[in-house]
Amino acid sequence: MMRFGSAAKVLAFSARRPTVSSRVLNASLLTRMSMSTAPPAVKPINPEFSSGPCKKRPGYNVALLDSRTAGRSHRSKIGKERLAHAISETKRILGVPEGYHVGIVPASDTGAYEMAMWNMLGQRNVDICHWESFGKGWFADAVSHLKLRDTVEVTEFTADYGELPDLSKTNPDHDICFTFNGTTSGVRVPDGCDFISDSRTGLTLCDATSACFAMDMPWEKLDVTTYSWQKVLGGEGGHGVLILSPRAVERLESYTPENRPLPKIFRLTKKGKFEAGIFKGATINTPSMLAVEDYNDALAWADSIGGVPALKQLSLDNLAVIEDFVKANDWIEFLAKDPAIRSSTSVCLTLDLSSDQIKQFVKLLEDEGVALDIGGYRDAPPSIRIWCGSTVEKPDVEALMPWLAWAYEQVKA
């Protein structure tokens, strides 16, 4: 039986990497390295910098997962207990306020956000804010599939990649849809979400998939919040989390969209009443219990290192390494030039290279085994994207920097 006791937990969560003093690189050393054509001597111990699914936590071992639910129904006593545990720990670690509901739903963050849109939008006018591909997708779905403009006003607030629209122009009497952190652009909303009124009458629908656990979530500003396990905590894909405020529940029970059939996996009410069981572990469809235990393991690790404050600092420390490198090299820039809106998780960078050269740059680093899956998103401007979330270790980011300079020189030559 693959269960870890308290001693094994301590060992798993406190696993330390080998100490390599040469990994500690200051800005001047980074500059000197950028002028060298020889391959750097030190490689990242873990080259996984994918923006989703993301790197597993330090010390992760699948053999240490609780296997009691293997081969068991998610409706069994143990199945319900482990799902409920995931929900209660999520609430506690994220600091979700009393009265809010946390549910595990199908289809990752995409499923969670679409579920909210299809159930709640259409009662009042909608402001949709987007500055990268996924937010743009929510706007397209609202207009083309939900056809909201047939019944309400839909206002689009948009900006180019690397920038943020003027969110202060959104209307507090409208429903507001936005992405907390644009995974494909490296642009996040400012701390505190001050553009959202405390006296709003509309709902806020926040896609926080690459923000939850690595950034402070102003829950009093958020009525619907969604994320997936695969991002900051390095969990498995396929499952989403839907967090609802009391105001969101009130909308579900007071508003039923006309002529909008909902598939079973989208239904959050039954006979006009909130389906509370979903938010206690009675999932709509069958979840992967192995993925649930993987998430429980990630939550336990997060708690063991200090919760959200520690997770946030790990990500900020990783970002700082790249900021120092960018300052020392004029051929690389952040897609988000304003530090106040720069993501600390999905770090997007432009290079003084053509689109084809950037592809060569990415392939070269992958072939060398130093950086995997760092190509920019397909809809984004030619760029690279380095995941700096909380499971990525700072020494690996430090070791990667000289390799970026080396690869640039090889491609540019």
Only listed residue being modelled with pLDDT under 95, open to solvent by less than 70 Å² (accessible area, probe 1.4 Å) and either over 30 Å from Lys412 (Cα atoms) or part of a loop (DSSP other than H, G, I, E, B) (or both), chosen from Ala63, Ala7, Ala84, Ala15: Ala15
- prompt: Residues Ile358, Ile384: which one is out of contact with any His (no Cβ under 8 Å at 6 or more places or on another chain), more than 23 Å from Val42 (Cβ to Cβ) and among the β-branched types (Val, Ile, Thr)?
  reply: Ile358
- prompt: On the given criteria, is Ser185 modelled with pLDDT of 95 or more, among the polar types (S, T, N, Q) and assigned to a helix (DSSP H, G or I)?
  reply: no
query: Quick one: which of Val308, Val321, Val326 is in contact with a strand residue (DSSP E or B) (Cβ under 9 Å, 6 or more places away or on another chain), open to solvent by 10 Å² or more (accessible area, probe 1.4 Å) and aliphatic (A, V, I, L, M)?
result: Val326
query: Out of all the residues in the stretch 278-303, which are closer than 17 Å to Ala112 by Cβ and assigned to a helix (DSSP H, G or I)?
result: Ile278, Phe279, Lys280, Ala291, Val292, Tyr295
- prompt: Looking only at the stretch 209-224, which residues are in contact (Cβ under 8 Å) with a residue 40 or more places away in the chain and either under 20 Å from Glu114 (Cβ atoms) or in contact with a helix residue (DSSP H, G or I) (Cβ under 8 Å, 6 or more places away or on another chain) (or both)?
  reply: Thr209, Ser210, Ala211, Cys212, Phe213, Ala214, Met215, Asp216, Met217, Val224
Subset of the stretch 384-413 that is open to solvent by 10 Å² or more (accessible area, probe 1.4 Å) and not in a helix (DSSP H, G or I) - its residue that is modelled with the lowest pLDDT: Ala413
- prompt: Do we have any residue at all in the stretch 102-116 that's open to solvent by 30 Å² or more (accessible area, probe 1.4 Å) and within 26 Å of Thr345 (Cα to Cα)?
  reply: yes
field: Matching entry among Phe180, Phe134 (being closer than 17 Å to Thr225 by Cα, open to solvent by less than 20 Å² (accessible area, probe 1.4 Å) and in contact (Cβ under 8 Å) with a residue 12 or more places away in the chain)
entry: Phe180
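Residues checked against (1) in contact with a Lys or Arg (Cβ under 8 Å, 6 or more places away or on another chain); (2) of a type outside the set (A, V, I, L, M, F, W, C); (3) surrounded by fewer than 16 Cβ atoms within 10 Å (Cβ to Cβ); (4) on the phi > 0 side of the Ramachandran plot:
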{"position": "Lys271", "(1), (2), (3), (4)": "no, yes, yes, yes"}
{"position": "Phe279", "(1), (2), (3), (4)": "no, no, no, no"}
{"position": "Val292", "(1), (2), (3), (4)": "yes, no, no, no"}
{"position": "Gln313", "(1), (2), (3), (4)": "no, yes, yes, no"}
field: Qualifying residues in the stretch 201-232 (those that are more than 8 Å from the chain's Cα centre (by Cα) and among the polar types (S, T, N, Q)) - the one most open to solvent (accessible area, probe 1.4 Å)
entry: Thr201
query: Is at least one residue of the stretch 312-323 touching a Phe, Trp or Tyr at 6+ places or on another chain (Cβ under 9 Å), under 25 Å from Leu233 (Cα atoms) and free of Cβ contacts under 8 Å to residues at least 60 places away in the same chain?
result: yes
message: Restricting to the stretch 272-312, name every residue that is closer than 30 Å to Arg251 by Cα and of a type in the set (Asp, Glu).
response: Glu275
task: List the number of the failed condition for Pro261; all other conditions in (1) touching a Gly at 6+ places or on another chain (Cβ under 8 Å); (2) part of a loop (DSSP other than H, G, I, E, B); (3) not small (Gly, Ala, Ser) hold.
output: (1)
Residue check for Trp118: touching a strand residue (DSSP E or B) at 6+ places or on another chain (Cβ under 6 Å) and not β-branched (Val, Ile, Thr): no
- prompt: Of the conditions (1) open to solvent by 10 Å² or more (accessible area, probe 1.4 Å); (2) within 30 Å of Cys388 (Cβ to Cβ); (3) touching a residue at least 24 places away in the same chain (Cβ under 8 Å), Ala140 fails just one. Which one is it?
  reply: (3)
statement: Within the stretch 304-337, the count of residues that are closer than 17 Å to Leu353 by Cβ and either in a loop (DSSP other than H, G, I, E, B) or among the charged types (D, E, K, R) (or both) comes to 5
message: Within the stretch 287-299, does at least one residue satisfy the condition of being modelled with pLDDT of 95 or more and in contact with a Pro (Cβ under 9 Å, 6 or more places away or on another chain)?
response: yes
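The values are calculated or read from the model by the stated rules, or taken from the named source; none is laboratory data. Being a predicted model, the structure only gives us computed values, none of them experimental. Cβ: placed from backbone, ideal geometry, glycine included. Neighbour counts: every protein chain shown. Heads up: the accessible areas ignore ligands, DNA and RNA and are worked out on the full protein's heavy atoms, side chains in. Shrake-Rupley method; radii C 1.70, N 1.55, O 1.52, S 1.80 Å.
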